[in-house]
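> To start, I am sharing the structure in question, which I have written as structure tokens.
The values are calculated or read from the model by the stated rules, or taken from the named source; none is laboratory data. Here the structure is a predicted model, which means the values were calculated and not measured. Cβ coordinates were reconstructed from backbone atoms using ideal geometry, including for glycine residues, and neighbour counts include every protein chain displayed. Note: accessible area is taken over every heavy atom of the protein model, side chains too, but ligands, DNA and RNA are not part of it. Shrake-Rupley method; radii C 1.70, N 1.55, O 1.52, S 1.80 Å.
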Amino acid sequence: MALDLSPDLIAARQHADSLRARVEELSQRHGRSTEGEGWSAEQHAAWQAAWLKWRQAVGAVQDAITEAAATLGEPRWAVETALRAAAGRPEEPDA
């Protein structure tokens, strides 16, 4: 049975996914922070700013999942699984 998820919730998950991709891209570009000279202050600031944006977005999505589960009368895991599929990333769990 397909759940009736709001377009806003799906868009919020997709936005959080794009922010996560940004954190991963910065991590790959900068390399490991403990190797060699480590990251510069600018690199660390850019990564931390991206990470904080992602964590805030994920927190809001998690709260919305809980609210949607209550509204729909469905288990939270079912809403999260349906949302992952609707957002186009069914294979990846939330952080």
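> Could you give the size of the charge dipole of the chain about its Cα centre, using +1 on the Cβ of each K and R and -1 on the Cβ of each D and E, expressed in debye and rounded to the nearest 20?
Charge dipole, the chain, about its Cα centre: 120 debye, nearest 20.
> Here are several values of Rg and Dmax of the Cα atoms in Å: [x] 16.0, 53; [y] 12.8, 40; [z] 15.0, 52. Which one was derived from the coordinates shown?
Identified label for the calculated read-out: [x].
> Of the listed peptides 25-32, 75-82, what is their order by residue-averaged count of other C-beta atoms within 10 Å, with the highest listed first?
In decreasing order of mean packing, 25-32, 75-82 become 75-82, 25-32.
> Using each residue's phi in region 21-32, evaluate 6.51 cos²θ - 1.76 cosθ + 1.60 at θ = phi - 60° and report the 3J(HN,Hα) Karplus result to the nearest Hz, with x for Gly and Pro.
4, 5, 4, 5, 5, 5, 4, 5, 5, 7, x, 6
> Starting at the first residue of region 4-13, write each ³J(HN,Hα) from the Karplus equation 6.51 cos²θ - 1.76 cosθ + 1.60 with θ = phi - 60°, in whole Hz, x for Gly and Pro.
8, 8, 6, x, 5, 5, 4, 5, 5, 5
> Compute the length gained on full extension between LYS53 and TRP77: take 0.36 nm times their separation in residues and subtract their Cα-Cα distance, giving the result in nm to one decimal.
Roughly 6.2 nm would be gained on extension.
> A further question follows. How many angstrom lie between the C-alpha centres of region 43-77 and region 1-32?
Rounded to whole Å, the Cα centres lie 9 Å apart.
> What is the helix-to-structure angle for 41-72, meaning the angle in degrees between its Cα long axis and the longest Cα principal axis of the chain, kept from 0 to 90 and rounded to the nearest 10?
10 degrees
> Sum -39500 (n - 2.57) across every DSSP H segment of at least 4 residues in the chain, then divide by the residue count to get the 222 nm mean residue ellipticity, nearest 500.
-24500 deg cm²/dmol
> Give the carbon-plus-sulfur fraction of the accessible surface of region 1-41 in %, rounded to a whole number; probe 1.4 Å, heavy atoms of protein chains only.
The C+S portion of the solvent-accessible surface of region 1-41 is 50 percent.
> Hey, what's region 1-50 come to in accessible area per residue, 1.4 Å probe, Å²?
70 Å²
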